[in-house]
Amino acid sequence: MGESRKPPGVVIVGAGFGGLETAKKLRKRDVEVILVDKRNHHLFQPLLYQVATAGLAATDIAAPIRNVLRSCDNCTVLLAEVDAIDAKQKTVHTTLGDVLAYDYLVLAAGATNRYFGHDDWAEHAPGLKSLEEALAVRRRVLLAFENAERLATEGATEREREAFLTFVVVGGGPTGVELAGALTEIATRTMTHNFRHFDPRRARVVLLEGGDRLLPAFAPELSAHALADLEALGVEVRLRTMAQNIDARGVELKGGERIDASTVLWAAGVGGAPVARTLGVPVDRMGRVPVRPDLTVRDLDDRSIFVIGDLAALEQDGEMLPGVAPVAIQMGEMVVENILHAIADEPMKAFRYHDKGSMATIGRSRAIAQIGRVRITGFVAWLVWLFIHLMALVGFRNRVAVLFEWAYAYLTYQRSARIILQRGVVSDGS
(Lines give C-alpha, C1' and ligand atoms only; values in the text may rest on other atoms or scores of the structure.)
Protein backbone atom coordinates (compact mmCIF):
# COMPACT_ATOMS: atom_id res chain seq x y z
CA MET A 1 0.00 0.00 0.00
CA GLY A 2 1.32 3.46 -0.94
CA GLU A 3 1.41 6.33 1.50
CA SER A 4 -1.54 8.75 1.35
CA ARG A 5 -0.64 12.19 0.02
CA LYS A 6 -0.77 15.06 2.48
CA PRO A 7 -2.71 18.07 1.09
CA PRO A 8 -0.70 21.29 0.68
CA GLY A 9 -0.84 23.58 3.70
CA VAL A 10 -2.05 27.17 3.32
CA VAL A 11 -1.51 29.61 6.19
CA ILE A 12 -3.55 32.83 6.08
CA VAL A 13 -2.47 35.68 8.35
CA GLY A 14 -5.37 38.02 9.10
CA ALA A 15 -9.16 37.60 8.98
CA GLY A 16 -10.01 40.90 7.35
CA PHE A 17 -11.89 41.10 4.07
CA GLY A 18 -9.08 39.56 2.01
CA GLY A 19 -8.05 36.84 4.44
CA LEU A 20 -11.60 35.74 5.16
CA GLU A 21 -12.49 35.66 1.46
CA THR A 22 -9.43 33.49 0.79
CA ALA A 23 -10.41 31.01 3.51
CA LYS A 24 -14.02 30.81 2.30
CA LYS A 25 -12.98 30.22 -1.31
CA LEU A 26 -10.58 27.42 -0.25
CA ARG A 27 -13.45 25.52 1.33
CA LYS A 28 -13.73 21.98 -0.08
CA ARG A 29 -10.45 22.38 -1.97
CA ASP A 30 -7.73 19.78 -1.53
CA VAL A 31 -5.69 21.92 0.87
CA GLU A 32 -5.36 22.28 4.63
CA VAL A 33 -5.99 25.87 5.76
CA ILE A 34 -4.83 27.55 8.95
CA LEU A 35 -6.23 31.05 9.52
CA VAL A 36 -4.41 33.05 12.21
CA ASP A 37 -5.69 36.32 13.68
CA LYS A 38 -4.97 38.15 16.92
CA ARG A 39 -8.72 38.70 17.39
CA ASN A 40 -11.51 36.17 17.31
CA HIS A 41 -13.76 38.27 15.10
CA HIS A 42 -13.98 39.61 11.59
CA LEU A 43 -14.59 43.37 11.65
CA PHE A 44 -16.59 45.37 9.12
CA GLN A 45 -14.31 48.38 9.21
CA PRO A 46 -16.35 50.73 6.95
CA LEU A 47 -18.89 51.08 9.78
CA LEU A 48 -16.36 51.34 12.60
CA TYR A 49 -16.90 55.09 12.86
CA GLN A 50 -20.55 54.43 13.74
CA VAL A 51 -19.45 52.42 16.78
CA ALA A 52 -17.12 55.28 17.71
CA THR A 53 -19.98 57.79 17.48
CA ALA A 54 -22.52 55.64 19.39
CA GLY A 55 -24.65 54.80 16.35
CA LEU A 56 -24.03 51.05 16.45
CA ALA A 57 -22.96 48.51 19.04
CA ALA A 58 -19.65 46.70 18.72
CA THR A 59 -21.39 43.38 18.10
CA ASP A 60 -23.38 44.83 15.18
CA ILE A 61 -20.34 45.04 12.90
CA ALA A 62 -18.30 42.06 14.09
CA ALA A 63 -18.73 38.34 13.52
CA PRO A 64 -16.86 35.44 15.20
CA ILE A 65 -14.39 33.99 12.73
CA ARG A 66 -15.08 30.42 13.82
CA ASN A 67 -18.79 30.87 13.16
CA VAL A 68 -18.21 32.39 9.72
CA LEU A 69 -16.02 29.40 8.77
CA ARG A 70 -18.05 26.75 10.57
CA SER A 71 -18.80 24.88 7.32
CA CYS A 72 -15.17 24.98 6.19
CA ASP A 73 -14.08 21.49 7.25
CA ASN A 74 -10.53 21.95 5.98
CA CYS A 75 -10.02 25.20 7.95
CA THR A 76 -8.39 25.58 11.36
CA VAL A 77 -8.72 28.93 13.14
CA LEU A 78 -6.03 30.00 15.61
CA LEU A 79 -6.29 32.97 17.98
CA ALA A 80 -2.73 34.31 17.99
CA GLU A 81 -0.67 37.24 16.79
CA VAL A 82 1.92 36.60 14.09
CA ASP A 83 5.13 38.51 14.80
CA ALA A 84 7.59 36.98 12.34
CA ILE A 85 7.80 35.12 9.04
CA ASP A 86 10.77 32.97 8.08
CA ALA A 87 10.59 32.87 4.29
CA LYS A 88 13.59 30.54 3.99
CA GLN A 89 12.23 27.93 6.40
CA LYS A 90 8.63 28.56 5.22
CA THR A 91 7.34 29.04 8.76
CA VAL A 92 5.15 31.56 10.57
CA HIS A 93 5.90 32.46 14.20
CA THR A 94 3.39 33.79 16.74
CA THR A 95 3.82 35.67 20.01
CA LEU A 96 2.52 32.57 21.81
CA GLY A 97 5.48 30.55 20.58
CA ASP A 98 3.66 28.67 17.83
CA VAL A 99 5.63 27.77 14.70
CA LEU A 100 3.39 27.03 11.71
CA ALA A 101 4.83 25.47 8.57
CA TYR A 102 3.27 26.33 5.21
CA ASP A 103 3.44 25.39 1.57
CA TYR A 104 1.66 28.63 0.64
CA LEU A 105 1.35 31.77 2.73
CA VAL A 106 -1.28 34.50 2.31
CA LEU A 107 -0.32 37.63 4.20
CA ALA A 108 -3.48 39.67 4.79
CA ALA A 109 -2.59 41.37 8.06
CA GLY A 110 -4.03 44.74 7.09
CA ALA A 111 -2.92 48.17 8.24
CA THR A 112 -2.37 50.14 11.43
CA ASN A 113 -2.55 53.83 12.24
CA ARG A 114 0.41 55.81 10.91
CA TYR A 115 1.50 59.02 12.63
CA PHE A 116 4.30 60.02 10.24
CA GLY A 117 7.07 59.62 12.80
CA HIS A 118 5.09 61.08 15.71
CA ASP A 119 4.01 57.88 17.47
CA ASP A 120 3.64 59.82 20.73
CA TRP A 121 0.54 61.46 19.21
CA ALA A 122 -1.34 58.15 19.42
CA GLU A 123 -1.97 58.66 23.14
CA HIS A 124 -3.75 61.96 22.51
CA ALA A 125 -5.29 61.31 19.07
CA PRO A 126 -6.55 57.72 18.75
CA GLY A 127 -7.13 56.30 15.31
CA LEU A 128 -9.90 54.01 14.16
CA LYS A 129 -8.73 50.57 13.04
CA SER A 130 -10.18 48.24 15.71
CA LEU A 131 -13.15 47.81 18.03
CA GLU A 132 -10.91 48.65 20.98
CA GLU A 133 -10.06 52.00 19.41
CA ALA A 134 -13.67 52.68 18.43
CA LEU A 135 -14.86 52.12 22.00
CA ALA A 136 -12.06 54.34 23.32
CA VAL A 137 -13.10 57.10 20.90
CA ARG A 138 -16.74 56.72 21.93
CA ARG A 139 -15.72 57.07 25.56
CA ARG A 140 -13.80 60.30 24.86
CA VAL A 141 -16.64 61.81 22.86
CA LEU A 142 -19.34 61.09 25.42
CA LEU A 143 -17.14 62.12 28.36
CA ALA A 144 -16.52 65.48 26.67
CA PHE A 145 -20.22 66.33 27.00
CA GLU A 146 -20.35 64.97 30.55
CA ASN A 147 -17.39 67.13 31.57
CA ALA A 148 -19.00 70.20 30.01
CA GLU A 149 -22.12 69.62 32.11
CA ARG A 150 -20.03 69.15 35.24
CA LEU A 151 -18.14 72.38 34.65
CA ALA A 152 -21.40 74.21 34.04
CA THR A 153 -22.80 73.09 37.40
CA GLU A 154 -19.60 74.27 39.06
CA GLY A 155 -20.08 77.75 37.67
CA ALA A 156 -17.37 77.64 35.01
CA THR A 157 -17.59 80.15 32.19
CA GLU A 158 -18.49 79.22 28.64
CA ARG A 159 -14.91 79.82 27.56
CA GLU A 160 -13.67 77.31 30.14
CA ARG A 161 -16.04 74.75 28.66
CA GLU A 162 -14.98 75.41 25.09
CA ALA A 163 -12.09 72.92 25.11
CA PHE A 164 -14.41 70.09 26.16
CA LEU A 165 -16.86 71.00 23.41
CA THR A 166 -14.23 71.24 20.68
CA PHE A 167 -13.62 68.14 18.56
CA VAL A 168 -10.75 68.05 16.08
CA VAL A 169 -10.58 65.39 13.35
CA VAL A 170 -7.23 65.14 11.56
CA GLY A 171 -7.55 63.84 8.00
CA GLY A 172 -10.06 64.53 5.24
CA GLY A 173 -10.45 61.06 3.77
CA PRO A 174 -13.65 58.99 4.07
CA THR A 175 -13.13 58.17 7.76
CA GLY A 176 -12.42 61.79 8.68
CA VAL A 177 -15.39 63.12 6.73
CA GLU A 178 -17.75 60.52 8.20
CA LEU A 179 -16.50 61.15 11.74
CA ALA A 180 -16.86 64.92 11.43
CA GLY A 181 -20.41 64.64 10.11
CA ALA A 182 -21.44 62.18 12.83
CA LEU A 183 -19.94 64.29 15.64
CA THR A 184 -21.87 67.33 14.44
CA GLU A 185 -25.12 65.38 14.36
CA ILE A 186 -24.51 64.09 17.89
CA ALA A 187 -24.16 67.66 19.15
CA THR A 188 -26.96 69.26 17.15
CA ARG A 189 -29.51 66.43 17.15
CA THR A 190 -28.86 63.59 19.58
CA MET A 191 -27.76 65.53 22.67
CA THR A 192 -29.94 68.62 22.40
CA HIS A 193 -32.40 67.78 25.22
CA ASN A 194 -30.09 65.70 27.41
CA PHE A 195 -28.27 68.40 29.36
CA ARG A 196 -29.66 71.11 31.62
CA HIS A 197 -26.77 73.53 32.11
CA PHE A 198 -25.32 74.04 28.63
CA ASP A 199 -26.37 73.81 25.00
CA PRO A 200 -24.65 70.91 23.16
CA ARG A 201 -25.32 72.71 19.89
CA ARG A 202 -22.49 75.07 20.81
CA ALA A 203 -20.00 72.27 20.19
CA ARG A 204 -17.31 72.98 17.61
CA VAL A 205 -16.18 70.31 15.14
CA VAL A 206 -13.00 71.07 13.18
CA LEU A 207 -11.80 68.92 10.27
CA LEU A 208 -8.15 69.36 9.26
CA GLU A 209 -6.93 68.31 5.81
CA GLY A 210 -3.40 68.88 4.56
CA GLY A 211 -4.38 68.77 0.87
CA ASP A 212 -6.33 71.25 -1.18
CA ARG A 213 -9.56 69.22 -1.12
CA LEU A 214 -11.41 66.57 0.85
CA LEU A 215 -11.74 62.98 -0.36
CA PRO A 216 -8.96 63.14 -2.97
CA ALA A 217 -9.84 59.68 -4.31
CA PHE A 218 -13.20 61.03 -5.52
CA ALA A 219 -13.94 63.29 -8.48
CA PRO A 220 -13.35 67.01 -7.71
CA GLU A 221 -17.05 67.86 -8.00
CA LEU A 222 -17.92 65.21 -5.40
CA SER A 223 -15.21 66.53 -3.07
CA ALA A 224 -16.71 70.00 -3.42
CA HIS A 225 -20.16 68.61 -2.69
CA ALA A 226 -18.90 66.87 0.46
CA LEU A 227 -17.28 70.12 1.60
CA ALA A 228 -20.53 72.02 1.10
CA ASP A 229 -22.49 69.37 2.99
CA LEU A 230 -20.10 69.42 5.95
CA GLU A 231 -20.17 73.20 6.14
CA ALA A 232 -23.98 73.14 5.98
CA LEU A 233 -23.95 70.80 8.98
CA GLY A 234 -21.72 73.23 10.86
CA VAL A 235 -18.33 71.54 10.51
CA GLU A 236 -15.38 73.93 10.34
CA VAL A 237 -13.27 72.53 7.48
CA ARG A 238 -9.66 73.70 7.28
CA LEU A 239 -7.94 72.73 4.00
CA ARG A 240 -4.18 72.99 3.42
CA THR A 241 -3.80 72.78 7.20
CA MET A 242 -1.47 70.34 8.94
CA ALA A 243 -0.90 69.42 12.57
CA GLN A 244 2.54 70.24 13.92
CA ASN A 245 2.01 68.86 17.40
CA ILE A 246 -0.74 67.06 19.30
CA ASP A 247 -0.85 66.87 23.09
CA ALA A 248 -3.36 66.36 25.89
CA ARG A 249 -4.69 69.90 25.49
CA GLY A 250 -5.24 70.00 21.74
CA VAL A 251 -3.53 70.60 18.42
CA GLU A 252 -0.83 73.02 17.36
CA LEU A 253 -1.00 73.79 13.64
CA LYS A 254 1.85 74.55 11.29
CA GLY A 255 2.12 78.32 11.39
CA GLY A 256 1.71 78.55 15.15
CA GLU A 257 -2.08 78.58 15.60
CA ARG A 258 -3.39 76.39 18.42
CA ILE A 259 -6.77 74.74 18.84
CA ASP A 260 -7.58 73.77 22.41
CA ALA A 261 -9.60 70.56 22.35
CA SER A 262 -10.12 67.71 24.77
CA THR A 263 -10.96 65.32 21.90
CA VAL A 264 -8.63 64.90 18.92
CA LEU A 265 -9.23 62.01 16.53
CA TRP A 266 -6.76 60.67 13.96
CA ALA A 267 -7.87 59.81 10.43
CA ALA A 268 -4.85 61.07 8.52
CA GLY A 269 -2.97 57.96 7.54
CA VAL A 270 -2.40 54.24 7.83
CA GLY A 271 0.62 52.01 7.40
CA GLY A 272 1.15 48.33 6.73
CA ALA A 273 1.14 45.89 9.64
CA PRO A 274 4.64 45.56 11.18
CA VAL A 275 4.85 41.82 10.42
CA ALA A 276 5.46 42.70 6.77
CA ARG A 277 8.95 43.94 7.62
CA THR A 278 9.97 40.46 8.81
CA LEU A 279 9.78 39.16 5.23
CA GLY A 280 13.21 40.69 4.69
CA VAL A 281 12.20 42.66 1.58
CA PRO A 282 11.91 46.43 1.05
CA VAL A 283 8.55 48.00 1.85
CA ASP A 284 7.23 51.33 0.55
CA ARG A 285 6.93 54.50 2.64
CA MET A 286 3.55 53.31 3.93
CA GLY A 287 4.94 49.96 5.05
CA ARG A 288 3.29 48.01 2.23
CA VAL A 289 4.90 45.11 0.38
CA PRO A 290 5.42 45.59 -3.37
CA VAL A 291 3.85 42.63 -5.18
CA ARG A 292 3.88 41.24 -8.70
CA PRO A 293 0.68 41.20 -10.77
CA ASP A 294 0.08 37.61 -9.58
CA LEU A 295 0.18 38.98 -5.97
CA THR A 296 3.40 37.21 -4.98
CA VAL A 297 6.14 39.24 -3.27
CA ARG A 298 8.06 41.15 -5.93
CA ASP A 299 11.48 40.95 -4.27
CA LEU A 300 11.37 37.24 -3.42
CA ASP A 301 12.22 34.43 -5.83
CA ASP A 302 9.90 32.22 -3.80
CA ARG A 303 6.45 32.35 -5.43
CA SER A 304 4.68 30.70 -2.49
CA ILE A 305 4.09 33.93 -0.50
CA PHE A 306 1.15 36.13 -1.47
CA VAL A 307 0.33 39.56 -0.02
CA ILE A 308 -3.16 41.05 -0.38
CA GLY A 309 -5.39 43.84 0.88
CA ASP A 310 -4.10 46.95 2.64
CA LEU A 311 -0.65 45.37 2.97
CA ALA A 312 -0.09 44.99 -0.79
CA ALA A 313 1.44 47.72 -2.96
CA LEU A 314 0.34 47.20 -6.56
CA GLU A 315 -0.09 49.70 -9.37
CA GLN A 316 -2.84 49.47 -11.95
CA ASP A 317 -3.14 51.90 -14.86
CA GLY A 318 -0.45 54.09 -13.33
CA GLU A 319 -2.11 54.44 -9.93
CA MET A 320 -1.65 52.53 -6.68
CA LEU A 321 -4.66 50.40 -5.79
CA PRO A 322 -6.49 51.81 -2.75
CA GLY A 323 -6.74 50.05 0.59
CA VAL A 324 -10.47 49.38 0.46
CA ALA A 325 -12.57 46.28 1.06
CA PRO A 326 -13.47 45.51 -2.60
CA VAL A 327 -9.78 45.41 -3.55
CA ALA A 328 -9.00 43.01 -0.69
CA ILE A 329 -11.95 40.74 -1.53
CA GLN A 330 -11.06 40.53 -5.21
CA MET A 331 -7.41 39.88 -4.32
CA GLY A 332 -8.54 37.04 -2.03
CA GLU A 333 -10.46 35.48 -4.90
CA MET A 334 -7.46 35.73 -7.24
CA VAL A 335 -5.05 34.30 -4.65
CA VAL A 336 -7.16 31.16 -4.41
CA GLU A 337 -7.02 30.72 -8.18
CA ASN A 338 -3.26 31.23 -8.22
CA ILE A 339 -2.63 28.82 -5.34
CA LEU A 340 -4.59 26.15 -7.20
CA HIS A 341 -2.66 26.94 -10.39
CA ALA A 342 0.64 26.68 -8.49
CA ILE A 343 -0.35 23.31 -7.00
CA ALA A 344 -1.18 22.06 -10.50
CA ASP A 345 2.12 23.49 -11.81
CA GLU A 346 0.24 25.85 -14.10
CA PRO A 347 1.03 29.54 -14.85
CA MET A 348 -0.49 31.97 -12.38
CA LYS A 349 -2.81 34.78 -13.48
CA ALA A 350 -2.36 38.52 -13.18
CA PHE A 351 -4.72 40.34 -10.85
CA ARG A 352 -7.00 42.99 -12.32
CA TYR A 353 -9.15 45.10 -10.01
CA HIS A 354 -12.67 45.81 -11.24
CA ASP A 355 -13.77 49.04 -9.60
CA LYS A 356 -17.46 48.88 -8.76
CA GLY A 357 -17.49 52.40 -7.33
CA SER A 358 -16.73 54.39 -4.20
CA MET A 359 -18.98 56.13 -1.73
CA ALA A 360 -18.89 58.10 1.50
CA THR A 361 -21.58 59.36 3.84
CA ILE A 362 -21.47 62.86 5.27
CA GLY A 363 -24.47 62.64 7.57
CA ARG A 364 -28.18 62.02 7.68
CA SER A 365 -29.52 61.90 4.10
CA ARG A 366 -26.17 63.20 2.81
CA ALA A 367 -23.68 61.11 0.86
CA ILE A 368 -21.69 60.95 -2.34
CA ALA A 369 -21.21 58.00 -4.68
CA GLN A 370 -18.96 57.48 -7.68
CA ILE A 371 -19.81 54.50 -9.87
CA GLY A 372 -17.81 54.61 -13.08
CA ARG A 373 -18.77 57.85 -14.79
CA VAL A 374 -21.95 58.15 -12.73
CA ARG A 375 -21.96 60.68 -9.89
CA ILE A 376 -24.69 60.56 -7.24
CA THR A 377 -25.18 62.94 -4.32
CA GLY A 378 -27.67 63.67 -1.57
CA PHE A 379 -30.49 61.43 -0.41
CA VAL A 380 -30.27 58.96 -3.31
CA ALA A 381 -26.54 58.44 -2.71
CA TRP A 382 -27.27 57.99 0.99
CA LEU A 383 -29.83 55.25 0.23
CA VAL A 384 -27.32 53.52 -2.07
CA TRP A 385 -24.68 53.76 0.67
CA LEU A 386 -27.10 52.24 3.23
CA PHE A 387 -28.04 49.34 0.97
CA ILE A 388 -24.48 48.48 -0.13
CA HIS A 389 -23.11 48.52 3.43
CA LEU A 390 -26.07 46.60 4.81
CA MET A 391 -25.68 43.79 2.28
CA ALA A 392 -21.90 43.66 2.73
CA LEU A 393 -22.16 42.90 6.45
CA VAL A 394 -21.25 39.35 7.45
CA GLY A 395 -24.20 37.44 8.92
CA PHE A 396 -27.98 37.79 8.83
CA ARG A 397 -28.13 38.79 12.50
CA ASN A 398 -25.82 41.77 11.91
CA ARG A 399 -27.85 42.96 8.93
CA VAL A 400 -31.09 42.89 10.91
CA ALA A 401 -29.53 44.64 13.92
CA VAL A 402 -27.96 47.39 11.84
CA LEU A 403 -31.14 47.92 9.82
CA PHE A 404 -33.13 48.33 13.04
CA GLU A 405 -30.60 50.76 14.52
CA TRP A 406 -30.51 52.87 11.37
CA ALA A 407 -34.31 53.01 11.18
CA TYR A 408 -34.49 53.97 14.86
CA ALA A 409 -31.86 56.68 14.42
CA TYR A 410 -33.54 58.08 11.32
CA LEU A 411 -36.94 58.37 13.00
CA THR A 412 -35.79 59.64 16.39
CA TYR A 413 -32.35 61.26 15.79
CA GLN A 414 -31.13 59.14 18.71
CA ARG A 415 -28.10 56.85 19.02
CA SER A 416 -28.78 53.82 21.15
CA ALA A 417 -25.16 52.83 21.95
CA ARG A 418 -24.36 55.83 24.17
CA ILE A 419 -22.73 53.79 26.90
CA ILE A 420 -19.52 54.98 28.54
CA LEU A 421 -17.24 52.04 29.32
CA GLN A 422 -14.58 52.03 32.00
CA ARG A 423 -10.97 51.93 30.84
CA GLY A 424 -9.78 48.45 30.00
CA VAL A 425 -13.16 47.22 28.76
CA VAL A 426 -12.62 46.30 25.12
CA SER A 427 -15.94 44.92 23.89
CA ASP A 428 -19.62 45.17 24.62
CA GLY A 429 -23.06 44.50 23.26
CA SER A 430 -24.36 48.01 23.74
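The values are calculated or read from the model by the stated rules, or taken from the named source; none is laboratory data. From a predicted model like this one, the values you see are computed outputs, not experimental measurements. Reconstructed Cβ throughout: ideal geometry from the backbone, glycine too, with neighbour counts over all protein chains shown. Each accessible area value is taken on the protein alone, full model and side chains, heavy atoms only, with ligands, DNA and RNA left out. Shrake-Rupley method; radii C 1.70, N 1.55, O 1.52, S 1.80 Å.
At-a-glance table
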| item | result |
| --- | --- |
| Total charge dipole magnitude, the chain, about the Cα centre, Cβ charges on Lys, Arg, Asp, Glu only, Debye to nearest 20 | 920 |
| Alpha-carbon centroids, the range 201-227 and the range 277-343: separation in whole Å | 31 |
| Among 393, 128, 78: highest mean-square fluctuation, GNM of the chain, C-alpha pairs under 10 Å | 78 |
| Per residue, in Å², the accessible surface of the range 157-302 once ligands and nucleic acids are set aside, probe 1.4 Å | 44 |
| Distance between the range 69-122 and the range 360-388 - C-alpha centres, whole angstrom | 35 |
| Integer Hz, Karplus 6.51/-1.76/1.60 couplings in order for the range 147-160, x for Gly and Pro | 5, 5, 5, 4, 5, 5, 6, 8, x, 5, 7, 4, 5, 5 |
| Of 38/90; 6/38; 129/349; 28/88; 6/90, those spanning more than 24 Å from alpha-carbon to alpha-carbon | 6/38; 129/349; 28/88 |
| ³J(HN,Hα), Karplus 6.51/-1.76/1.60, whole Hz, each residue of the range 82-87, x for Gly, Pro | 7, 10, 7, 10, 9, 5 |
| Relative packing of 342-355, 48-61, which averages over residues the other C-beta atoms within 10 Å, highest first | 48-61, 342-355 |
| Point-to-point label distance, residue 412-residue 257, nm (Cα→Cβ direction, 7 Å offset) | 3.9 |
| Vicinal HN-Hα couplings computed from phi for the range 358-364 (Karplus, 6.51 cos²θ - 1.76 cosθ + 1.60; Hz; Gly/Pro x) | 10, 8, 8, 9, 9, x, 4 |
| Kirkwood hydrodynamic radius over Cα pairs of the range 203-265, then Stokes diffusion coefficient at 10 °C and 1.306 mPa s, in µm²/s | 126 |
| Taking all pairs of distinct alpha-carbon atoms in the chain, Kirkwood radius in angstrom | 22.9 |
| Amide H within-cut-off set for residue 244, under 5 Å, with H built and near neighbours excluded | 252, 253, 254 |
| Separation of the residue 374 and residue 83 label points, Cα + 7 Å toward Cβ, nm | 4.9 |
| Relative compactness, the range 1-104, computed as alpha-carbon Rg over 2.2 N^0.38 Å | 1.24 |
| Per-peptide average of other Cβ atoms within 10 Å, ordering 408-419, 235-246 highest first | 235-246, 408-419 |
